[in-house]
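Chemist: The following block contains the structure, expressed as structure tokens.
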Amino acid sequence: MQPEASKLPDSQTEQENIDAAVIWQSVYDTLSRSIPANFFNIFFDSVKAKKYDGNQLLLSVENDKIVNHLRNRYLDKIEEAASHTAGKSVKIALLHEPGQVEPARESLTAAAPSDLDKISINPKYTFDRFIRGPSNEHAYAAALSAAENPSDYHNPLYIYGNVGVGKTHLMMAIANQLIANKPSYHVKYSPAETFQNELYDAIARKSVNSLKARYRNIDVLLFDDIQFIAERANYIQEEIFHLFNFLYQQKKQIVISGDRPPQQLATLHDRLQSRFQSGLIVDIKAPNFETRLAILQRKASEMNLSVPMEVHKYLAARFTQHVRILEAALIKLQFTSQLEKHPIDLQMTKIALRDMPSETIGQQVSIDEILRVVSRTFHVNEDEIKGSSRVENIVLARHACMYLAKNLIPTMSLKGIAEAFGKTDHTTVMHAEKKMMELMDKDNSLRVQIEELSNELKF
Ligand code: ADP
Ligand code: MG
């Protein structure tokens with residue numbers, strides 16, 4: 001390969017610059033592990049990444065002997081590592097560019113804590129406004145302790161759970177509490193994606209050291225959605241590991257959130273994995289019915305919205321996974337009620353939320369499956385459920401089936417459901433649902449049982 005100096009464009013686009021720097025950084029990190037350090041430093045430290053155009057990575061070196069040596073000894077390795085990083089075949093062009101002046105190396109000076117960091121924190125996300133329940137109380141307690149005694153506490157604290165269950169809320173609650181109680185603390189809320197972009201950017205601008213200085217100067221790091229960087233190149237994860245390690249050794253509090261436990265982030269760096277395993281790992285599950293109800297009531301009152309109990313119950317039963325959807329439902333109701341100049345009621349709710357996706361995840365639940373799980377749980381056989389016996393436990397199982405069918409098979413009409421259970425009248429299903437709701441209100445263990453069945457059917 002004979003690169004030509006004349007092909008070097010005068011003005012490179014910023015993106016090309018960034019891409020080149022990013023790929024080179026990764027190549028550099030990869031090869032530093034396989035080439036003995038004394039050779040490596042001599043040959044690789046003086047390389048500058050100039051441009052990446054999607055096919056070719058242009059590198060420049062001042063010293064012609066080094067250019068030759070790289071070309072003869074290491075070109076294949078560099079190409080292989082670059083192709084690996086880019087996910088496609090990358091050709092390397094080596095350019096001898098004498099007489100460049102080295103930019104002065106940045107010093108690792110500490111940057112002042114920035115008020116800018118506080119802007120990214122939503123003041124509404126406080127511990128006060130976080131509704132507790134069995135699904136989240138461990139995470140709540142752990143987050144509160146971290147806010148009250150940062151660094152004395154289990155470090156790092158890793159909180160995981162599905163989208164919309166309150167991870168970011170808890171992280172920002174830590175931040176808000178610290179801003180109020182320990183104003184001298186430098187608290188940094190950093191979504192993993194933002195951190196990654198800052199790092200890419202710093203690499204391109206050769207200002208990685210000042211980025212590091214900024215991060216190393218913080219007292220509490222809140223690192224949100226780590227799953228974003230689990231898929232990223234090793235060297236990004238290495239940087240994060242070093243940062244966490246530094247903070248950890250300085251006894252600074254680190255809180256991390258992710259959508260899965262660390263051991264399930266398959267591509268997460270081993271060293272990060274073991275760092276997390278050594279701290280405290282807590283999860284947040286989807287809230288149960290009572291918690292959903294409490295969240296709805298709290299949000300409605302914060303919105304100054306008058307919502308009848310039966311509407312809250314309808315919403316809590318219909319939306320079971322994400323708290324965010326509960327909020328969206330209330331906002332939609334507020335809007336509809338203002339538009340129609342009519343107070344919120346169940347009928348309005350059903351019409352207004354008609355188009356909101358029901359959260360039945362995965363494939364459609366079938367009547368047969370409902371029969372199977374209910375028959376197993378209630379120890380009543382399927383024929384009895386479909387028959388007309390009035391024996392109490394058989395009636396209960398039948399009602400449970402109809403209730404589940406009505407809530408889990410939105411495409412099925414009431415008449416259709418009635419017929420599937422050998423009845424002719426659609427009001428049978430309405431009656432069954434009403435009965436079940438009353439029973440579940442009185443008997444919490446029945447509610448839990450039905451919720452578990454419902455979750456089993458949905459997944
Ligand atoms: P995640 O980060 O887990 O995806 P968020 O923290 O962004 O979820 O929560 C989504 C929305 O639901 C936010 O508006 C948050 O305030 C609200 N929320 C979640 N859990 C609770 C809770 N237990 N109490 C009150 N609000 C909650
Ligand atoms: Mg979040």
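The values are calculated or read from the model by the stated rules, or taken from the named source; none is laboratory data. Remember, it's a predicted structure, so these values are computed and weren't measured experimentally. Here Cβ is always computed from backbone atoms with ideal geometry, including for glycine, and neighbour counts include all displayed protein chains. We work out accessible area using only protein heavy atoms, side chains counted, and drop any ligands, DNA or RNA first. Shrake-Rupley method; radii C 1.70, N 1.55, O 1.52, S 1.80 Å.
Chemist: Could you say which residue among Val307, Val311, Val323 is within 16 Å of ligand 2 (Cβ to nearest atom) and in contact (Cβ under 8 Å) with a residue 12 or more places away in the chain? First the steps, then the outcome.
Modeler: Numbers: Val307 fails: within 16 Å of ligand 2 (Cβ to nearest atom); Val311 fails: within 16 Å of ligand 2 (Cβ to nearest atom).
That would be Val323, the only listed residue that is within 16 Å of ligand 2 (Cβ to nearest atom) and in contact (Cβ under 8 Å) with a residue 12 or more places away in the chain.
Chemist: Filter region 307-355 for residues that are surrounded by 14 or more Cβ atoms within 10 Å (Cβ to Cβ), away from ligand 1 (no atom under 16 Å from the Cβ) and not in a helix (DSSP H, G or I) and give the result.
Modeler: Scanning region 307-355 gives Ile344, Asp345, Leu353.
Chemist: Of the residues in region 396-418, how many are surrounded by fewer than 17 Cβ atoms within 10 Å (Cβ to Cβ) and not in a loop (DSSP other than H, G, I, E, B)?
Modeler: 2
Chemist: Given the structure, is Ala173 open to solvent by less than 10 Å² (accessible area, probe 1.4 Å), within 16 Å of ligand 1 (Cβ to nearest atom) and over 21 Å from Ala20 (Cβ atoms)? Explain how you work it out, then say what you get.
Modeler: Numbers: open to solvent by less than 10 Å² (accessible area, probe 1.4 Å): yes; within 16 Å of ligand 1 (Cβ to nearest atom): yes; over 21 Å from Ala20 (Cβ atoms): yes.
Considered against the rule, which asks whether it is open to solvent by less than 10 Å² (accessible area, probe 1.4 Å), within 16 Å of ligand 1 (Cβ to nearest atom) and over 21 Å from Ala20 (Cβ atoms), Ala173 comes out as yes.
Chemist: I'd like to verify a number: residues in region 212-233 that are assigned to a helix (DSSP H, G or I) and either within 16 Å of ligand 2 (Cβ to nearest atom) or closer than 17 Å to Asn197 by Cβ (or both), how many? Give the derivation first.
Modeler: Filtering region 212-233 for residues assigned to a helix (DSSP H, G or I) gives 212-216, 227-230.
Next, from what is left, pick out any that are either within 16 Å of ligand 2 (Cβ to nearest atom) or closer than 17 Å to Asn197 by Cβ (or both): 212, 214-215, 227-230.
So the answer is 7.
Chemist: Could you pull out the residue among Ser301, Ser375 that is open to solvent by less than 80 Å² (accessible area, probe 1.4 Å) and closer than 30 Å to Asp128 by Cα?
Modeler: The conditions single out Ser301.
Chemist: Is there any pair linking a residue in region 139-164 that is farther than 18 Å from Arg324 by Cα and in contact (Cβ under 8 Å) with a residue 60 or more places away in the chain to one that is open to solvent by 50 Å² or more (accessible area, probe 1.4 Å) and part of a loop (DSSP other than H, G, I, E, B), with Cβ under 7 Å and at least six apart or on different chains, and which?
Modeler: Ala146/Tyr153; Ser151/Lys251; Ser151/Lys252
Chemist: Out of Arg292, Arg298, Arg324, Arg214, report the one residue that is farther than 27 Å from Thr85 by Cβ and modelled with pLDDT under 90. Let's see the steps before the verdict.
Modeler: Values: Arg292 fails: modelled with pLDDT under 90; Arg298 fails: modelled with pLDDT under 90; Arg214 fails: farther than 27 Å from Thr85 by Cβ.
Within the list Arg292, Arg298, Arg324, Arg214, the selection yields Arg324.
Chemist: Still on this structure: When the residues of region 266-291 are narrowed to those that are under 30 Å from Met440 (Cβ atoms) and charged (D, E, K, R), which ends up most open to solvent (accessible area, probe 1.4 Å)?
Modeler: Quick first cut of region 266-291, residues under 30 Å from Met440 (Cβ atoms) only: 282-291.
From the residues that got through so far, the ones that are charged (D, E, K, R) too are 283, 285, 290.
Values: Asp283: 44, Lys285: 119, Glu290: 80 Å².
Ranking the candidates gives Lys285 first.
Chemist: Among the residues of region 245-265, are any open to solvent by less than 40 Å² (accessible area, probe 1.4 Å), part of a loop (DSSP other than H, G, I, E, B) and either closer than 24 Å to Asn217 by Cβ or not aliphatic (A, V, I, L, M) (or both)?
Modeler: Within region 245-265, the subset open to solvent by less than 40 Å² (accessible area, probe 1.4 Å) is 245, 247, 253-258, 261-262, 265.
From what is left, the residues that are part of a loop (DSSP other than H, G, I, E, B) are 261, 265.
Still in the list and also either closer than 24 Å to Asn217 by Cβ or not aliphatic (A, V, I, L, M) (or both): 261.
There is at least one residue in region 245-265 that is open to solvent by less than 40 Å² (accessible area, probe 1.4 Å), part of a loop (DSSP other than H, G, I, E, B) and either closer than 24 Å to Asn217 by Cβ or not aliphatic (A, V, I, L, M) (or both).
Chemist: While we're looking at this one, here's another question. Tell me which residues, restricted to region 127-178, are part of a helix (DSSP H, G or I) and among the aromatic types (Phe, Trp, Tyr). Don't jump to the end; show me each part of the working.
Modeler: To start, the set of residues in region 127-178 that are part of a helix (DSSP H, G or I) comprises 137-148, 167-178.
Tyr140 - this is the single residue of region 127-178 that is part of a helix (DSSP H, G or I) and among the aromatic types (Phe, Trp, Tyr).
Chemist: Any idea which of Ile174, Ile159 is within 12 Å of Gln253 (Cα to Cα), aliphatic (A, V, I, L, M) and within 16 Å of ligand 2 (Cβ to nearest atom)? Show your work before the answer.
Modeler: Numbers: Ile159 fails: within 12 Å of Gln253 (Cα to Cα).
Going through Ile174, Ile159 in turn, just one is within 12 Å of Gln253 (Cα to Cα), aliphatic (A, V, I, L, M) and within 16 Å of ligand 2 (Cβ to nearest atom): Ile174.
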